[in-house]
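Bear in mind these aren't lab numbers, they're just calculated from the coordinates by the rules spelled out. Keep in mind that what you see is a predicted model, and the values were worked out from it rather than measured. Because the Cβ atoms are built from the backbone with ideal geometry, glycine has one as well, and the counts that use them run over all protein chains shown.
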Amino acid sequence: MFPPDPTANSTEPPALRMRRIAKSFGASRVLIDVDFELHRGEIHALMGENGAGKSTLMKIAAGLIEDFEGEIAVDGKIVHLTSPRAAARAGIAIIHQELCLVPELEVDENIFLGQEKLRSGFIVDRANQIRAAREVLKMLDYHGNLETPVSKLRVGEQQLVEIAKALVARARILIMDEPTSALSINETDRLFQVIRRLAAEGVAIVYISHRMEEVLALANTVTVLRDGRLIGTLSGKQASRRELIRMMVGREIQEMLATGKDPAAVREPLIDVRNLWLEHPRPTPLRPRLVDNVSFSVAAGEVFGLGGLLGAGRTETLEVLFGLHPATSGGVVRIRGKTTRILSPVLAKEAGISLVTEDRKRDGLILGAGIDRNVGLPVTRLLAHFGVVSNTLEQALASAKIAQLNIQAAHGPAQIVASLSGGNQQKVVVGKCLVTQPKILLLDEPTRGIDVGAKAEIYRLIQELAGQGLAIILVTSELPELILLSDRILVLREGLPTAILNREDFSQEIILEFASSGGATQPEFLTPEAAA
Amino acid sequence: MMTKLFWGLAVLYGLGIFLSPVNRKGINIFLSPGNQSDVLRQVSNNGIIAVGMTLVIMTGGIDLSVGSMMALGCMLCAMLLTLQGWTTASASSIPILALVCLLLCAYLVPLIAINLRRGSRPVEKPSPGVRLFGLILGLVVAGLSVWWTTSQLQSKFTVLGVLVTVPAVGLAVGSLNGLIISKGRMQPFIVTLAMMVAILGAARLLGGETAAIYPVYTGSNATEKFDILRALVLQVVPVPGIFFLVAVLIFGFVLKFTTFGRYIYAIGGNEQAARLAGIHVDQVKISVYAVSGMLASLAGVLYTAQYRQGKPDAGSGAELDAIAAVVIGGTNLMGGKGSMIGTLVGVLIFGFLSNILLLKNINSNTQFVLKGAIILAAVLLQEGQLGLWWKRLRSSVYPSAYPGRSKEQVSEKVTR
């Protein structure tokens, strides 16, 4: 559909050439004859929905997957990248979304882990290491203390340490998987400068990201994958937002959600929260409590947004409402006017509350089990006669949820959840939370790390559920999403409520102003718009 | 996965027939009913413990205290059978039995009441009336159990007496394991390791300093009927084997078909997800350790019947044998994956292996080495690692054969 990058004609062989790469996991083919070319000094963005195969392709390049078909050449020489070590020898380094640092080791020890500078053969030469580390980090614009455990650093700084580690290993090809997902705007800007400088010095960079604006701002070349196939490679100049979305999704996406709803009629609050608080494990004078004196009420059919910076106490508010901190939290929660003490998830379930957690893999899903088992789990009791679970009922329930939420499961309700794409996994989590027929739905970052198409479906679902009379409390770090979906927004700062905004007052600027203390601290909202 | 296991068992069985010596009448000793019956008898103790261990491992835990629990059960059983009146054994086990009866009724009655009704809400609370009924029933049963056991004190315990009392003690100690692990949020390894040491000490204390071993002479110092626990049904099936198979059936059913079984899988698969789904994770965990302790002490009773003595070192190493059998049976030590039928096969593989080595008259130390090797091989085979190693080996010897396509194919496509 699109011709390959014309720069391929240049005399210099590409830094990395992957040819006809194919890979299957069991019966599902995740990569089908994909070609990929990367040149020195190029910033090459790799885009695609979740499950498109970007990560798999780059894992192959980094030697993390050894069982694939196809051919890889580095600088024109064919290589067998059958282990991370082999990839490192070929000058390829990957920086994962979740950083791979040893938290308790200090900066230089992390940078030189596995390639320590030694004195008389076996003693680690810290002084020498620190000197060398400082030199590399200076190039990356990092001037902090090196003799400190990396766990004490901010995420952005840790990222620089990872990059330094790759540079020390003489990496000429750097693969970065969603590097900005946990960074503030400032840190993102700094990272972009570093990336551009590295590219100018001849390092070839693969940049995987969901964020359209980042890609448009940064990349010289964009390659789009869909369903394991190469859809096309564009030069940065050719690429436009619209065009990229069309390539990724395979169809034109209209505005994701047409309009806001009618202003919610004044209804009786379904859930009323008064003076909610949660202890801080390590209280400081500035932050005595994680959540402090939060009050709000949500009516049936209303989507109530919680806004705030990272660490403002939004997730914690939901956790307290779901009974996850019985010993260290307090406040009055009334549901339909009745004071309810929610001291455990069991009691939350009984009170008609469901929580879609932030991290679906850690808290939401049993990855090794089927969709049916996951979806049926909260209501196992209802699927059983005399304690014996009925498979028929379970399958029927799962099938119903698969149909309702449009979950793409090739192997039916028993398909193992780990083999689904991120968006579909998220739908399973949502399905699991809906089977208890909750009246109050707590959503914590419901669209994190899922692709454009699935996002639109989740948005539609949220509006549909609100239409059915559920009270929805929504936490999301994507400001446009918060504004799009919410009827009202409560803004938190350092655990304290600063404002409750009505729909007509919504704007990114106002929310940011209330979220950050008078502009003294930098906003950490991870908005695509702001990052661009 | 399961087929692989059954093939393993079949191959081992064939190997047994092939390697077995043949006696003067031309009968294959391995295949003789006597030998097959012996194998079942020998595996049944390990098997019963492995059944409980499967439940525990499936939740992602481990129970190292089962060997000591078996020793405690063995000592208790021998002392209750051979000593009259109030002894350390009876004085400790009768109150525990009463407590177990009380708590079990108070816990199970409301649970059963809920499950009898087909509710419509995901969380259903028992009515106060049902709770009260459970409590009262518990008190009555506890009283009855005390009356029943104390009435046996004068004439020493009956078979049914020990079969009820000793597992009740195991259940109590197992629940304590589970209680510490779940409520204290502690590592099962450490907790049960500590309990392993402590229970062994308790078993020794129980016997007193003078007599470490209590011989059980059925007919003279204990009831004759105790022999029933080592008898053969229909001349071939040993009674301990029946206990083992029944345990496999019951808990296999529980694991595969009941809500409790689903919760066990869920907790092993992702404990936090199970907790957030509103499951009583702590209750399930306590229950599996309770079952494990109960079955281990039951194995102690059967040991006493088999070897006609109660001694504190009865179960030494039993925990490791049980874990090995469970792991050979394909249950994942991280939890969430496995089956009871796998454990049955694992136990049988272990048993037949010992039997073959015994029939071949192989030195017992060599047997240990071979068993260790077999465990490693079985686990490697199940994790599918051997195949990967083979591929890697092949690729290092013939680099062109790997990865994937041949050079001709690739170049053909390039020139296209």
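Computed from Cα positions, the angle between helix B:2-19 and the longest principal axis of chain B comes to roughly 90 degrees. Amide H to amide H, with H built 1.01 Å from N, A:Leu310 comes under 5 Å of A:Glu524, counting only residues 5 or more places away or on other chains. Legend: calculated FRET efficiency, B:Leu160 to A:His411, from the Cβ-Cβ distance at R0 = 56 Å, rounded to 0.05, equals 0.65.
Express the Stokes-Einstein translational diffusion coefficient of region B:79-145 in µm² s⁻¹, to the nearest whole number, given a Kirkwood radius over alpha-carbon pairs, 20 °C and a viscosity of 1.002 mPa s. The diffusion coefficient I find is 157 µm²/s.
Local charge for B:Ile341 was computed over the other residues whose Cβ lies under 15 Å away, with Lys and Arg +1 and Asp and Glu -1, and equals +3. Of all DSSP beta bridges confined to the protein assembly as shown, the antiparallel ones make up roughly 60%. When a/c is below 1.5 the answer is rounded, else prolate if a/b is larger than b/c, else oblate, so apply that to region A:260-385 with a ≥ b ≥ c taken from the square roots of the Cα gyration tensor eigenvalues. Note, shape of region A:260-385 comes out oblate. Within region A:413-505, the proportion of C-alpha pairs whose separation exceeds 17 Å stands at 55%.
The phi-based Karplus calculation (6.51 cos²θ - 1.76 cosθ + 1.60; θ = phi - 60°) puts the 3J(HN,Hα) values of region B:261-274 at x, 4, 5, 4, 4, 5, 5, x, x, 6, 4, 5, 4, 5 Hz, whole numbers, x for Gly and Pro. For the protein assembly as shown, the orientation-averaged shadow of the C-alpha convex hull comes to 47.4 nm² (one quarter of the hull surface).
Peptide A:387-397 shows a mean partner chain C-beta count of 3 within 10 Å per residue C-beta. The ranking of A:Tyr142, B:Tyr307, B:Tyr214, B:Tyr289 from fewest to most other beta carbons within 10 Å of each one's beta carbon is B:Tyr307, A:Tyr142, B:Tyr214, B:Tyr289. Counting only DSSP beta bridges with both residues in chain A, tell me the antiparallel percent, nearest 5. Here the share of antiparallel DSSP bridges comes out near 60 percent. Bridging of A:Lys361 to aspartates and glutamates at a Cα separation below 16 Å is possible for A:Glu98, A:Asp444, A:Glu445, B:Glu271, once same-chain residues fewer than 8 apart are set aside.
Think of each Lys and Arg Cβ as +1 and each Asp and Glu Cβ as -1; about the Cα centre, that makes the dipole of region A:53-98 roughly 160 debye.
Database remark: amide H of A:Ile94 closer than 5 angstrom to the amide H of A:Ile175 (H placed geometrically; neighbours at sequence offset of 5 or more, or on other chains; Pro and chain starts carry no H). Working from label points 7 Å from Cα in the Cα-to-Cβ sense, the B:Ser316 to B:Phe253 distance is 3.9 nm.
Note on region B:1-135: dipole from Cβ charges, positive end direction compared against B:Cys77, B:Leu132, B:Ile57; the farthest Cα belongs to B:Leu132.
In this structure, B:Tyr217 and B:Thr87 have a Cβ-Cβ separation that, at R0 = 22 Å, corresponds to a calculated FRET efficiency of about 0.80. Express the Stokes-Einstein translational diffusion coefficient of region A:21-138 in µm² s⁻¹, to the nearest whole number, given a Kirkwood radius over alpha-carbon pairs, 4 °C and a viscosity of 1.567 mPa s. Rounded to a whole number, D works out at 77 µm²/s.
Annotation for region B:159-230: trypsin sites (Lys or Arg not before Pro) lying in DSSP loop with at most 10 further Cβ atoms inside 10 Å of their Cβ are B:Arg185. For region B:177-294, the calculated P(r) over all alpha carbon pairs, in 10 Å bins from 0 to the bin holding the longest distance, is 11, 26, 28, 23, 11, 1 percent.
Our coupling estimate for region A:496-501, obtained by passing each phi through the Karplus curve with A = 6.51, B = -1.76, C = 1.60 and θ = phi - 60°, is 9, x, 10, 6, 10, 9 Hz, Gly and Pro reported as x. Counting only lysines at least 8 places from B:Lys25 when in the same chain, those with an alpha carbon closer than 27 Å to its own are B:Lys360.
Here the calculated FRET efficiency for A:Ile185 and A:Leu105, from their Cβ-Cβ distance with R0 = 25 Å, stands at 0.30, rounded to the nearest 0.05. Rounded to the nearest 10 degrees, the angle from helix B:318-328 to the longest Cα principal axis of chain B is 40 degrees. Taking a label point 7 Å from the Cα of B:Val11 along the Cα→Cβ vector, which residues of region B:295-328 have an amide N closer than 19 Å to it? Inside the label zone: B:325-328. Counting neighbouring beta carbons within 10 Å and listing from fewest to most, the residues B:Phe244, B:Phe18, B:Phe226 come out as B:Phe18, B:Phe226, B:Phe244. Remark: region B:253-373 carries a charge dipole of roughly 200 debye about the Cα centre, counting +1 on each Lys and Arg Cβ and -1 on each Asp and Glu Cβ. Residue-wise HN-Hα couplings along region B:238-253, as the Karplus relation 6.51 cos²θ - 1.76 cosθ + 1.60 with θ = phi - 60° gives them from phi, are x, 4, x, x, 5, 4, 4, 5, 5, 4, 4, 4, 4, 7, x, 4 Hz; Gly and Pro carry x.
Mean silhouette area of chain A, derived from the convex hull of its C-alpha atoms and averaged over all directions, reads 27.4 nm². Charge dipole of the protein assembly as shown (Cα centre as origin; +1 on each Lys and Arg Cβ, -1 on each Asp and Glu Cβ, all else neutral): 2380 debye, rounded to the nearest 20.
Shown here for region B:5-61: trypsin sites (Lys or Arg not before Pro) in loop regions (DSSP other than H, G, I, E, B) with at most 11 other Cβ atoms within 10 Å, namely B:Arg24, B:Lys25. Amide H to amide H, with H built 1.01 Å from N, A:Gly305 comes under 5 Å of A:Leu474, A:Asp487, A:Arg488, A:Ile489, A:Leu490, counting only residues 5 or more places away or on other chains.
Please identify the longest segment of chain A free of exposed GluC sites (Glu not before Pro), where exposed means a DSSP state other than H, G, I, E or B and no more than 14 other Cβ atoms within 10 Å. The segment A:256-532 is the longest one with no such site. Here chain B is treated as a Stokes sphere of Kirkwood radius computed over C-alpha pairs; at 25 °C and 0.890 mPa s its diffusion coefficient rounds to 105 µm²/s. Estimated purely from DSSP H runs of n ≥ 4, each contributing -39500 (n - 2.57), the mean residue ellipticity at 222 nm for chain B is -24000 deg cm²/dmol once divided by its residues.
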